[in-house]
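Since the structure comes first, as structure tokens, the remarks are kept for the end.
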């Protein structure tokens, strides 16, 4: 349950890293990213919106979660400060979708290709303790690397680099690939935060460090 609570700030902003993708005439690359984004949003069905699904999981555990837009959400004593830092990198770069397009592609590649394996393990743990695994089941299905978001992400990167090759040449491809890889690796390190909890005098003290 601690895992689910501490990941609330991150999972309740699921999909927001792609909020800057064009929603009108778009390139083939943007079309792949938009396909991921619209799935994250629930494809018009608010009950399938990934953030709402996660909120439902928390509520099924008897947890009352304030609106993510409220000050009460930020002030929750049960959520450590480090947990609010997890969504910062993808959320801030999403404000500049053109400037950071290669990095956003890198984020997407890491998130979508590693998600099925991560959620498969979490799903087994949740089911073992008779907890709702709906959020993890959703991701192991929709993020698959054969014909799901993992495939979309790989296709988006390939299309992007092909376009750079056609318009700018090999050297530019190497430069843009470096930025994509930076986004991929940066998000990995950003999310690998360990939270160690010590209970002292009925108060919890969170200490964290980044794995390198």
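Read the figures in this text as sums done on the coordinates, not as results from a lab. All figures in this text were calculated on a predicted structure; none of them were measured in a lab. With ideal geometry, Cβ positions are generated from the backbone for all residues, glycine too; neighbour counts draw on all protein chains shown.
Between helix 170-191 and the chain, what is the angle of the helix's C-alpha long axis to the longest principal axis, kept within 0 to 90° and rounded to the nearest 10? Result, in degrees: 0.
At what distance in angstrom do the alpha carbon centres of the stretch 1-75 and the stretch 123-182 lie from each other? For the stretch 1-75 versus the stretch 123-182, the Cα centre distance is 17 Å. In the chain, helical runs assigned H by DSSP with n ≥ 4 each contribute -39500 (n - 2.57); averaged across all residues and rounded to the nearest 500, the mean residue ellipticity at 222 nm is -18500 deg cm²/dmol.
You can think of it this way: the chain between residue 189 and residue 127 has 19.5 nm of extra reach, that is 0.36 nm per residue less the Cα-Cα gap.
Quick one: helix 101-128 against the long Cα principal axis of the chain, what's the angle to the nearest 10°, folded into 0 to 90? The helix 101-128 is inclined about 40 degrees to the chain.
In terms of overall dimensions, the stretch 2-210 has a Cα radius of gyration and Dmax of 18.2, 64 angstrom.
Footprinting exposure proxy ranking of 136, 78, fewest other C-beta atoms within 10 angstrom first, gives 78, 136. Against the chain, whose longest principal axis is taken from its Cα atoms, helix 28-40 shows a tilt of about 20°. Peptide packing for 58-70, 141-153 was compared via the average number of neighbouring C-beta atoms within 10 Å per residue; ordered from the highest value, the list is 141-153, 58-70. Take every Cα pair under 8 Å whose residues are at least 6 apart in sequence, average their separation, divide by the length of the stretch 58-140, and the relative contact order is 20 percent.
When only Cα pairs below 8 angstrom with a gap of at least 6 residues are kept, the stretch 2-210 shows a relative contact order of 23 percent.
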